[in-house]
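Take a look at the structure below.
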Amino acid sequence: MKPPFKKAARVIEKIEQAGFEAYFVGGSVRDLLLGKEINDVDIATSATPEEVKRIFPRTVDVGIEHGTVLVLEGGESYEITTFRTEGEYVDFRRPKEVSFVRSLTEDLKRRDFTINAIAMTKEGEFVDPFGGKEDLEKGILRTVGKPEERFSEDALRMLRAARFVSQLGFAVEENTYRALKESAPLLKHIAVERKLAEFTKIMTGDHVKKACEVLVSRDLYRYLPNMEAFPGQLLKAAEILRPGALDETEVWALLFLVIRKENCPRFLKEWRLPTKKIKEIYRIYDAFHDRLSKEWDLYGVYTYGLETSLSAEKIHSLWNGEELDKPLARVRELYEKLPIKSRKELQVNGNDLLLWKNKGGGKWVEEDLRRIEKAVISGEVENDKRSIKEWLMP
Ligand code: ATP
Ligand code: MG
């Protein structure tokens, strides 16, 4: 058994010793069967949260109303969730109530897709009532039960479908595929934050092109913030992307390029991205624009810093359909050559200038500092006080 499961098997054993059932469930079982790297293992149990808390000395209530307790054991933490069914759904997004049940099959039945509804015992045996293993082998994404019902219970599942297409490259089963289009308008009821989390995973998956084709052909894109006018642009961005090439922030910068900057302020506001992220995106965008008109030079990589320059260069290379390695190495080389990496390393500061020139402060200080920076970076003057003074005031 693989390491994360081996360690977690002790947790299951303790629950069983207390007289309850417990299994590995969800993404970790799916990823194990796919031979993928396993992040966190989730455990489902017949014990109620109170019963779980009685078994383990160290627990945290992370989502007790959904039946989830975080258990700290052996230097790790595990989310342990009581088997549950979800009662009636209201507003196409959340169950009115969850009820705890003692049956594993009932719990697996409420899960979204067959590939996510496989349980595994601590001995490594699978419980797979909906044919999830077969779908995994065939590369098929299929809802547990009737797709239109499952999508109307929680419309987010439709974006989760596109997300799994992007991460796994799977084909969507026929009925599920049809229901996506029929149920797409229900996405109106889903909070932007939940959409954003799935959209980010869609855009950074290895099969983003396939996933964006699902978003567009199934009309799902219409219910993403501000995307209604840009289906072609979304497909274009997906076309340009390559597996693992861009991180989340860089993907947004690329989206900006294809939908044009003047549309962006409105666009970002509706997606409710954090202000810090928005600033980073604009900075990459600006660096890319500078790059369009000229090759990188020392002052360029100094101005934008290494990370932003690399991000902009990556997008530039993708945009032109070029390999990434060489251009990125070039940016790194330039950055290494910089005599100073930031203004802090300059051997003079504003105070020196005020003293030397014996003038009151003003815009000129910043202008002089910038001139000095440029001269130091281009090698025109050494970065030491005397040389700079002589150069500035001959
Ligand atoms: P990841 O690798 O991204 O964590 P995951 O499959 O573990 O993928 P989670 O969002 O962590 O996804 O959810 C864990 C499990 O809970 C899923 O595998 C699925 O069984 C179930 N699940 C999650 N969200 C839903 C949903 N909206 N509707 C039904 N079942 C869900
Ligand atoms: Mg998970």
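The values are calculated or read from the model by the stated rules, or taken from the named source; none is laboratory data. All values derive from a computational prediction rather than experimental measurement. Methodologically, a virtual Cβ is constructed for each residue, glycine included, from the backbone with ideal geometry; neighbour enumeration extends over all protein chains shown.
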Within the range 148-172, track down each residue that is more than 12 Å from ligand 1 (Cβ to nearest atom), under 21 Å from GLY131 (Cβ atoms) and either of a type in the set (S, T, N, Q) or surrounded by 19 or more Cβ atoms within 10 Å (Cβ to Cβ) (or both).
VAL165, PHE170, VAL172
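Which of the residues belonging to the range 23-56 are in contact (Cβ under 8 Å) with a residue 60 or more places away in the chain and either among the aliphatic types (A, V, I, L, M) or within 16 Å of PHE83 (Cβ to Cβ) (or both)?
Answer for the range 23-56, where residues must be in contact (Cβ under 8 Å) with a residue 60 or more places away in the chain and either among the aliphatic types (A, V, I, L, M) or within 16 Å of PHE83 (Cβ to Cβ) (or both): TYR23, PHE24, VAL25, GLY26, VAL29, LEU32, LEU33, LEU34, ALA44.
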So SER99, is it within 16 Å of ligand 2 (Cβ to nearest atom) and on the phi < 0 side of the Ramachandran plot:
no
For ASN358, which of the numbered conditions (1) at positive phi; (2) in contact (Cβ under 8 Å) with a residue 12 or more places away in the chain fails to hold?
(2)
What single numbered condition from (1) away from ligand 2 (no atom under 16 Å from the Cβ); (2) surrounded by fewer than 17 Cβ atoms within 10 Å (Cβ to Cβ); (3) more than 15 Å from THR121 (Cα to Cα); (4) aliphatic (A, V, I, L, M) fails to hold for LEU34?
(1)
What helices (runs of 4 or more DSSP H), lying completely within the range 312-394, carry at least 3 residues that are touching a helix residue (DSSP H, G or I) at 6+ places or on another chain (Cβ under 6 Å) and assigned by TED's automatic domain parsing to the domain that holds TRP296?
325-337
Odd one out for LYS279 among (1) over 30 Å from ALA191 (Cα atoms); (2) without any contact (Cβ under 8 Å) to a residue 40 or more places away in the chain
(1)
How many residues of the range 130-145 are surrounded by fewer than 20 Cβ atoms within 10 Å (Cβ to Cβ) and of a type in the set (Lys, Arg)? The answer is 2
Scanning the range 112-127 residue by residue, those more than 16 Å from ligand 2 (Cβ to nearest atom) and more than 21 Å from LYS6 (Cβ to Cβ) turn out to be THR114
Report whether or not GLY26 is touching a strand residue (DSSP E or B) at 6+ places or on another chain (Cβ under 8 Å) and within 16 Å of ligand 1 (Cβ to nearest atom).
yes
Pairing a residue in the range 316-343 that is touching a residue at least 24 places away in the same chain (Cβ under 8 Å) and over 30 Å from ASP368 (Cβ atoms) with any residue that is assigned to a helix (DSSP H, G or I) and not hydroxyl-bearing (Ser, Thr, Tyr), where Cβ atoms lie under 7 Å and the two sit 6 or more apart in sequence or on different chains, gives HIS316/PHE288; HIS316/ARG291; LEU318/ILE240; TRP319/ILE240; LEU324/LYS314
Is it true that PHE230 is outside the structural domain of GLU250 (by TED's automatic domain parsing) and at pLDDT below 95?
yes
Within the range 29-83, of all residues that are of a type in the set (Phe, Trp, Tyr) and within 16 Å of ligand 1 (Cβ to nearest atom), the one farthest from the chain's Cα centre (by Cα) is PHE83
